[in-house]
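**Student:** Please find one structure pasted underneath; my questions will follow.
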Amino acid sequence: MENLFEPGMQHLRQQILLMAGRANAAVNLAIQAVLRRDHDLALQVKADDLLIDRLEVRIDELAIHLLTQAPLAKDLRFITSALRITQNLERIGDEAAKIAKRARDLSREPAIPLQVEITQLAVPAVAMLNEALDAFVQEDPAAARALIPRDRELDAQFHQMEAVVIQHMRRHADDIVRCVHWLVALKSLERIGDHATNIAEEVVFLGEARDVRHTGIKQPPVPPPPS
């Protein structure tokens, strides 16, 4: 049984990394589609999202199969985390597709002079995603913990930009539809940061066997003093 289980675990990890790479690439393509006002690039993101969805189904099937083989506690943590990580990766792909759809819509209309740049939110959101995935690859719960508080910073940045766009809408009624496209794209970037944070929390769970979701705990537990 062990001879079959270990290759299955390796394959599971490889599939997660493949899905992570696809999701990361989709986010970057979607951002470029907005920056370049590139309709064709936006269409490519939709095709990538379908592939990400298929990878999620494949990984779920593999994880469920491995669960039937009575894994050890550490393997059980990895498999259950794999299911949650892939769910977040699938949703990241969905958010990339939303950004791409707005990029397509915006590419058909004249540009509007907003006092915000998508890179103001895209750069930190992509950095969080990259670092969460790196922490998973390196099995580094300390790096994952350091990432978690940055989600609040990204949220604050989003709300500042949202306020600027809404103010523009109030002053320029003709731009409302295009501003809505911008707001949806910006909200998707904020959600990508949320999903990156969720992945980081799973890395902490993998490394420390400690669930830090919804706890606000940022530091590892302090060991008790020697008796």
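**Student:** If we count other beta carbons within 10 Å of each Cβ, what is the order of 195, 168, 11, fewest first?
**Tutor:** 11, 168, 195
**Student:** While we're here: Mind checking the angle between helix 2-36 and the chain's longest principal axis? C-alpha axes, 0 to 90 degrees, to the nearest 10.
**Tutor:** 10 degrees
**Student:** Quick one, can you get me the convex hull of the C-alpha atoms of the chain expressed as volume per residue in Å³?
**Tutor:** 125 Å³
**Student:** At a Förster distance of 25 Å, what's the computed FRET efficiency of residue 11 paired with residue 213, Cβ-Cβ distance as r, to 0.05?
**Tutor:** For residue 11 and residue 213, the calculated efficiency is 0.40.
**Student:** Which order do 6, 95 fall in if you start with the one that has the fewest other Cβ atoms within 10 Å?
**Tutor:** 6, 95
**Student:** Same structure again: Quick check: net charge around residue 143, other residues with Cβ under 11 Å of its Cβ, Lys/Arg +1 and Asp/Glu -1?
**Tutor:** Every neighbour counted, the sum reads -3.
**Student:** Let me ask something else about it. Can you count the Lys pairs in segment 2-208 with C-alpha separation below 22 Å, eight or more apart or on different chains?
**Tutor:** Count of close lysine pairs: 5.
**Student:** Between residue 25 and residue 54, what length in nm is gained on full extension when 0.36 nm per residue of separation is reduced by their alpha carbon distance?
**Tutor:** Additional length available on full extension: 8.8 nm.
**Student:** Helix 150-171: angle to the longest alpha-carbon principal axis of the chain, degrees 0 to 90, nearest 10?
**Tutor:** 20 degrees
**Student:** For residue 127 and residue 156 in the same chain, what is the full-extension length gain: residue separation times 0.36 nm, less their Cα-Cα distance, in nm?
**Tutor:** 8.8 nm
**Student:** How far apart, in nanometres, would the label points at residue 138 and residue 120 be if each is projected 7 angstrom from Cα along the Cα-to-Cβ direction?
**Tutor:** Once both label points are built, they end up 3.0 nm from each other.
**Student:** Can you figure out the FRET efficiency of residue 40 with residue 176, using R₀ = 30 Å and their beta-carbon distance, to the nearest 0.05?
**Tutor:** After rounding, the FRET efficiency stands at 0.65.
**Student:** Summing +1 for each Lys or Arg and -1 for each Asp or Glu, what net charge is found among the other residues whose Cβ lies under 10 Å from the Cβ of residue 26?
**Tutor:** -2
The numbers here are math on the coordinates, done by the rules we state, and not lab data. None of the values given here were measured: they were computed from a predicted structure. Counting neighbours? That spans all protein chains shown, and the Cβs are built from the backbone with ideal geometry, glycine included.
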